[in-house]
Amino acid sequence: MDRIAVLTEILAQNPKDAFARYGLAMAYVSEGKTEDALREYGTAIENTPDYVPAYQMSAQVLMKLGRMDEAKARLEAGMAACERTGNAHAASEMQGMLDEIG
């Protein structure tokens with residue numbers, strides 16, 4: 001089974017597994033399936049609002065697609081998650097991305 005099939009099977013058993021959902025999104029990105037990836041990142045965030053990597057990586061995808069308003073909103077939500085979880089390192093990286101957007 002390929003990575004997408006394996007992760008899809010894991011999610012069929014446990015749909016709220018944020019790590020598996022994030023992995024599925026990353027697998028979609030690596031295959032150029034950005035809309036599928038964004039859907040999975042969004043679901044990960046919806047199910048686990050403090051799963052910081054999903055905010056950061058989905059914002060990167062949005063930036064690459066030129067969807068800067070959406071990326072900015074995702075980063076701002078991610079910064080709030082960083083504050084809730086005390087993740088200063090990710091907050092610093094996301095602030096840099098926000099600065100890049102302007």
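The values are calculated or read from the model by the stated rules, or taken from the named source; none is laboratory data. Worth saying up front: this structure is predicted, and the values here are computed from it rather than measured. Backbone-built Cβ (ideal geometry, glycine too); neighbour counts: all protein chains shown. Accessible surface is based on the protein model in full, side chains and every heavy atom, while ligands, DNA and RNA are left aside. Shrake-Rupley method; radii C 1.70, N 1.55, O 1.52, S 1.80 Å.
Key figures for this structure:
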{"read-out": "Asp69, Asp17, reordered so the largest accessible area comes first (probe 1.4 Å)", "value": "Asp69, Asp17"}
{"read-out": "Degrees, to the nearest 10: 3-13 long Cα axis against longest axis of the chain", "value": "80"}
{"read-out": "Accessible carbon and sulfur surface of the chain relative to its total accessible area, %, 1.4 Å", "value": "53"}
{"read-out": "The chain: calculated mean residue ellipticity at 222 nm from DSSP helix runs of at least 4, using -39500 (n - 2.57)", "value": "-26000 deg cm²/dmol"}
{"read-out": "In degrees, nearest ten, helix 68-85 long axis to first principal axis of the chain (Cα)", "value": "90"}
{"read-out": "Rel. contact order, % - alpha carbon contacts under 8 angstrom, at least six apart, region 15-76", "value": "27"}
{"read-out": "Surface per residue (accessible, 1.4 Å probe) for the chain, Å²", "value": "56"}
{"read-out": "In nm, spacing of pseudo-spin labels at Glu100 and Ala77 (7 Å Cα→C-beta vector)", "value": "2.0"}
{"read-out": "FRET efficiency, 1/(1 + (r/R0)^6) with R0 22 Å, evaluated for Ile4 and Asp50 via beta carbons", "value": "0.30"}
{"read-out": "Folded to 0 to 90 degrees: helix 52-64 orientation relative to the chain principal axis, Cα", "value": "80"}
